[in-house]
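Okay, structure first, notes after.
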Amino acid sequence: VLDVTKWKVVSASATGAERLLDNDAATIWVQARPTPDAPAQVTIDLGADTNLAGFSLTPSRQVMTDAAPPKGYIAETSLDNTNWEPAAAGEFANIAYAMSTQRIAFARMRRTRYLRLTFSEAAVPAAKLAIAGIGGFVARP
């Protein structure tokens, strides 16, 4: 597991995205429900070139009747925040009900400085999207 305290949000589709990197599951990034035409997106600077094996997402564990975690994700990586390569895409397993941290391993280790995550819909019908944290991990030796 990587130390996210040196990570910084470079851009986000809504304010408050720095909450994703504060190691506090009680603070939540909340924004309007994403759609395929207006997805939620966050770009994170890892602070240095990193051999990233995957990312983690922690949904809000607070009971929120008007917000839900993302249903799926698109993960992209970049060394320069300009040229992006797809790293992974898919759906989070049972995230709306299990509310546990999801670990998504990339098919291969990625040398990267930036991680961009895109979420195009909520896991269940809700007016807002809510995410408590984002993390990353390296391959085990």
Just to check I understand the Karplus step: with θ = phi - 60° and J = 6.51 cos²θ - 1.76 cosθ + 1.60, what whole-Hz values come out for region 121-136, glycine and proline as x?
7, 7, 5, 9, x, 7, 6, 9, 9, 9, 9, 8, x, 10, x, x
May I ask you to rank Thr82, Thr101, Thr27, Thr43 by accessible area, largest first, using a 1.4 Å probe over the protein chains only?
Thr82, Thr101, Thr27, Thr43
Karplus couplings for region 105-117 from phi (6.51 cos²θ - 1.76 cosθ + 1.60, θ = phi - 60°), rounded to Hz, Gly and Pro as x?
8, 6, 4, 8, 4, 10, 7, 8, 10, 10, 10, 10, 10
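222 nm [θ] for the chain, helices only, -39500 (n - 2.57) per DSSP H run of 4+, per residue, to 500?
On the way: 1 runs with 4 residues, N = 141.
That comes out to -500 deg cm²/dmol.
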Mind telling me which of Pro125, Pro70, Pro59 comes out most flexible in a GNM of the chain, alpha-carbon contacts under 10 Å?
Pro125
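Quick one: accessible area per residue over region 51-118, 1.4 Å probe, rounded to a whole number of Å²?
Numbers: 3460 Å² over 68 residues.
With the other protein chains kept in place, region 51-118 gives 51 Å² per residue.
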How much accessible area does Glu91 have with a 1.4 Å probe, in Å² rounded to the nearest 10?
120 Å²
Taking the Cβ of Arg113 as the centre, find all other residues whose Cβ is under 10 Å away and add up their charges (Lys, Arg: +1; Asp, Glu: -1).
-2
Taking amide hydrogens as modeled 1.01 Å from N in the peptide plane, which residues meet the under 5 Å criterion relative to Glu121, leaving out close sequence neighbours?
Lys71, Gly72
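Kindly identify region 40-80 as rounded, prolate or oblate by the Cα gyration tensor criterion: order the square roots of the eigenvalues as a ≥ b ≥ c, call it rounded if a/c is under 1.5, otherwise compare a/b with b/c, prolate if a/b is larger, else oblate.
On the way: a/c = 2.76, a/b = 2.45, b/c = 1.13.
Prolate, because a/c is 1.5 or more and a/b exceeds b/c.
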Using θ = phi - 60° and Karplus 6.51 cos²θ - 1.76 cosθ + 1.60, couplings along region 31-42 (whole Hz; Gly, Pro as x)
8, 4, 3, x, 9, x, 7, 9, x, 7, 8, 9
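Quick check: residue separation of Ala127 and Val63 times 0.36 nm, minus the Cα distance between them. What number comes out in nm? Walk me through the intermediate numbers first.
Numbers: separation 64, 0.36 × 64 = 23.04 nm, distance 1.41 nm.
Separation in residues times 0.36 nm, less the Cα-Cα distance, equals 21.6 nm.
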How big is the gap, in Å, between the Cα center of region 112-126 and the Cα center of region 8-51?
9 Å
How much net charge surrounds Ala25 when only other residues with a Cβ under 12 Å from its Cβ are counted (Lys, Arg +1; Asp, Glu -1)?
0
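Where Lys and Arg each count +1 and Asp and Glu each count -1, what net charge lies around Gly90 among other residues with Cβ under 14 Å from its Cβ? Could you put the intermediate results ahead of the total?
Working: positive: Lys71, Arg103; negative: Glu76, Glu91, Glu121.
Value of the local net charge: -1.
In the chain, how does Rg compare with the Kirkwood Rh, expressed as the Rg/Rh ratio over alpha carbon atoms? Don't jump to the answer; show the numbers that get you there.
Working: Rg = 13.9 Å, Rh = 14.8 Å.
Over the Cα atoms of the chain, Rg/Rh equals 0.93.
The values are calculated or read from the model by the stated rules, or taken from the named source; none is laboratory data. The structure displayed is predicted, hence computed values, not measured ones. Every residue, glycine as well, gets a Cβ built from its backbone with ideal geometry; the counts of neighbours run over all protein chains shown. The area values use the complete protein model at the heavy-atom level, side chains included, leaving out ligands, DNA and RNA. Shrake-Rupley method; radii C 1.70, N 1.55, O 1.52, S 1.80 Å.
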